[in-house]
1. Given the C-alpha centroids of region 133-184 and region 405-471, what is the distance between them in whole angstrom?
2. Ignoring ligands, DNA and RNA, what percent of the 1.4 Å accessible area of region 486-559 is carbon and sulfur?
3. Any chance you could run the full-extension gain for Glu439 through Thr387? It's 0.36 nm times the residue separation minus the Cα-Cα distance, nm to one decimal.
4. With r defined as the distance between the Cβ atoms of Asn711 and Lys466 and R0 fixed at 60 Å, what FRET efficiency is calculated, to the nearest 0.05?
5. Of Phe384, Gln740, Gly809, which is farthest along the charge dipole of the chain in the positive direction, counting Lys and Arg as +1 and Asp and Glu as -1 at C-beta?
6. How large is the Kirkwood hydrodynamic radius of region 67-182, counting all unique pairs of alpha carbons, in Å?
7. Report in % the part of the accessible area of region 426-465 that belongs to carbon and sulfur, leaving out ligands and nucleic acids; probe 1.4 Å.
8. So how strong a dipole does region 668-823 carry about its Cα centre when Lys and Arg Cβ are +1 and Asp and Glu Cβ are -1, to the nearest 20 debye?
Amino acid sequence: MFIFSCFKCYSRFFYQILTACVATVLITSTPGTVYSNLASIELLTNCESISSDVYAADFTLETDRLRIELGRSGEVTGLIDRNSKINYVPNGQPGSLMRIRSGGQDLIPLYMAVDGTQLSFDFENGLHLVVEAIEYERHLRFELVEVNSPEQVEAVFWGPFNTTIGDTIGEVVGVVRNTDFAIGIRALNTKTIGGKLQNEEGFTTPSATISGSAASNEEFGSALQAFILNQSLDRSILVWHHHENVSVPGLEDYSLTGTAIALFGSSPPDALGYIGHINQEEGLPVPTINGEWIRTSGITGRPYLITSFTEETADEFISLAKRLGFYSVYHEGPFSNWGHFELREDQFPNGLDGMRHIVKRAEEQNIRIGVHTLTNFITTNDPFVTTTANSGLMAAGYATILQDIDEAETEIVVDRYDYFAQVSTLNSVRIGNEIIRYEDVSREEPYRLMNVVRGAFGTTPAAHSKGEVAAKLMDFPYRTLFPGWDMQNEMIQNLVDFFNETGVSHMDFDGHEGTYYTGRGDFALNHFADEFLNGTGHFVVNGSSVINHFYWNHNSYINWGEPWYASFRESQSEHRFRLQPFFERNYMPNMLGWFLVTPDTRLEDIEWMMAAAAGYNAGYALVVRYNALMQNPLMDDIVDTIVNWEHVRRQGLFNSGQLLAMRNPDNEFRLLQNGSEQWALQHVESFSFEHEYRIMQPGEPAHSRWEFVNNHESQPLYLELHVTGGSNAEVQQIELEINQFFSLQIPVTLTRGQTLIWDSSTEVKVYSDRGQLLQTIDVGQSLPPLRNGPHVIEIDARTFSGEAPVIRGKVKLAGETETLHGG
């Protein structure tokens with residue numbers, strides 16, 4: 001339904017006012033159709049007398065649940081739940097349907113005129129934009145169909161659509177909701193960017209962060225917004241935080257017209273279903289797996305296996321994944337180069353044929369095969385670098401060489417300093433098709449590239465003439481380069497060809513933010529994923545290092561949290577758990593990140609991971625390399641533990657209280673099997689203490705005394721001692737006294753990050769900060785089981801050295817056991 005009041009209105013040019021009829025018209029029509037029955041509005045020009053009265057144009061659009069009301073200048077005065085009649089627009093903060101940026105200034109419309117389904121907006125400087133507004137049953141569609149002077153418009157903004165809703169803000173998906181109502185925005189193509197325009201490039205989400213702004217938290221509640229940057233304009237901008245004045249040429253086939261959004265309102269439980277319906281209606285991605293939309297199937301939120309299989313070992317890892325119940329085996333590094341994505345000959349001597357056969361054998365077991373790469377990062381051994389194709393590499397900037405040079409010259413004079421002084425890893429310059437590396441650039445004119453290395457990365461040294469262009473290449477600390485726009489499109493096609501030729505069906509867009517180096521922000525990120533996933537002839541499960549509004553449609557999961565930086569539990573632990581609410585408010589599967597199984601991984605760490613996965617109903621990636629598969633003596637127990645936990649979780653045997661407790665990473669549990677289908681959950685009680693060096697008076701003991709209670713049956717003591725402090729913190733010769741009768745001297749040196757574990761046996765084990773077993777110490781005696789009741793531990797160390805060493809201790813005891821019934 002369209003409702004508007006005929007009005008006196010402004011003309012398309014500032015200070016001209018036209019006279020119009022004063023009438024009220026109500027017109028209804030079938031959703032999705034063009035409204036042709038509007039009363040005609042005669043606009044009179046050359047008016048000699050002008051009334052001082054200017055009447056607002058009240059314009060209303062409706063869906064099954066949402067009514068939007070617009071004022072005379074396109075301000076959004078109503079976002080109304082049609083059931084409750086509540087208007088969610090905050091008082092005094094109406095927002096806008098559309099704004100523009102022109103000449104560096106953000107402009108709101110002078111007025112809005114209505115003609116059928118078209119809304120015309122006039123701005124300063126004679127700028128005129130036309131939006132087509134269409135009502136559908138579940139959403140409203142707004143599309144920009146006309147811009148009279150696109151060369152004067154740098155950006156077009158949709159919104160903000162301000163609301164008083166602040167309970168749950170899905171910053172990426174673009175949905176805000178409270179207990180009664182949900183309002184959402186959908187960007188309807190890759191060039192329409194869901195979020196706030198925050199920089200010249202137009203990207204909204206930094207790498208691996210939990211930020212986004214398609215929906216944003218505001219003082220009055222929330223706001224929904226989107227924008228389009230005019231990529232048809234030549235621009236000189238800051239790229240990726242530190243590349244200044246980068247030349248980003250306009251795209252010839254790019255147009256502001258066609259940018260479009262959808263708005264909807266629904267009950268909160270129905271919001272995800274509305275998104276799916278809109279995506280289908282509007283031709284947006286609706287990827288399915290086993291016939292069901294990925295956002296509801298749950299399959300892509302399951303765990304998967306990461307490893308480095310070869311043609312010889314692939315079957316072993318396919319069997320391991322099958323045994324674990326995982327849906328994919330993901331290769332962590334199969335390519336010898338990035339750009340042309342050629343397989344490593346040492347792992348795949350039969351090349352594409354070898355990979356095809358692996359994929360076929362995996363499919364027979366209902367297992368996917370995946371591969372890892374870094375999206376648009378280009379290795380220096382790739383033909384995009386080593387051949388004449390390198391003219392398509394992305395440059396941070398250009399200079400002119402001021403002297404002729406031969407193929408052996410080691411100093412090059414250029415007419416600019418700034419580009420060559422920027423932070424860089426490879427310090428690479430392309431002149432012609434030769435890549436040259438340099439040590440430094442002189443600070444004063446004439447600017448000289450000093451100590452140059454000619455013919456870098458397999459290119460051919462050549463003579464160059466005065467006046468040729470020297471292009472400073474963009475690079476990354478991984479010792480990689482980046483493509484320009486056309487080369488990036490070639491990379492996309494190379495990936496498409498690889499996936500179509502092999503049948504590989506799983507990939508993470510790791511380094512997805514590398515697309516920002518093209519200077520095209522989220523449009524580049526959207527374009528890469530959309531072109532690749534639309535180009536493959538089969539569904540490809542995909543994750544990414546970045547998630548934004550449009551890519552959300554394609555994305556299968558986000559699995560952030562890497563295992564390389566600390567021990568099994570500690571590596572990026574805070575980040576892993578902080579992400580879970582982010583996933584939930586954006587309708588994404590919970591994922592806990594990557595966990596590395598080494599030859600020394602302990603069973604209690606696996607149970608800790610599985611408890612957290614159960615608590616959040618989360619998937620994860622298990623990294624198991626061949627040495628761990630062959631050398632960890634507990635591998636069979638690890639596999640069985642994972643299988644049992646996953647089975648109990650899928651059966652729904654944990655109750656809500658247990659699941660809530662499992663979300664706390666400080667809690668630990670053991671899963672016990674009392675029969676074929678009789679399961680119990682055992683709580684692990686832990687007691688923590690600290691001991692640090694203390695200066696005491698002569699003769700006074702310096703040890704720490706700590707008391708705890710075993711409230712259960714007699715059981716062995718399980719003790720962990722972890723050393724913290726500065727980089728050189730160290731403790732030596734640890735001494736334990738237990739219950740005033742058992743003394744233990746441990747001849748050990750522990751440095752910061754290392755952990756000592758004693759399970760009351762005759763052996764003490766020492767692990768590195770990354771969980772590697774460093775040594776096993778025979779202490780010659782074992783502690784009898786701890787009886788029910790109070791106990792005392794006294795701890796000391798002969799030597800504390802370095803910066804602020806502290807021994808952090810933890811006693812773990814088997815606690816209460818609950819039979820699992822679900823509920």
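1. After rounding, the separation between the Cα centres reads 48 Å.
2. Exposed carbon and sulfur together represent 36 percent of the surface.
3. Fully extending the segment from Glu439 to Thr387 adds 16.4 nm.
4. That gives a FRET efficiency of 0.10.
5. The listed residue farthest towards the positive side: Gln740.
6. Computed over region 67-182, the radius equals 15.3 Å.
7. 43 percent
8. With only Lys, Arg, Asp and Glu charged at Cβ, the dipole is about 200 debye.
The values are calculated or read from the model by the stated rules, or taken from the named source; none is laboratory data. Here the structure is a predicted model, which is why all the values come from computation and not from measurement. Cβ sites come from the backbone with ideal geometry, for glycine too, and all protein chains shown count toward neighbours. Heavy atoms of the whole protein, side chains included, go into the accessibility calculation; ligands, DNA and RNA do not. Shrake-Rupley method; radii C 1.70, N 1.55, O 1.52, S 1.80 Å.
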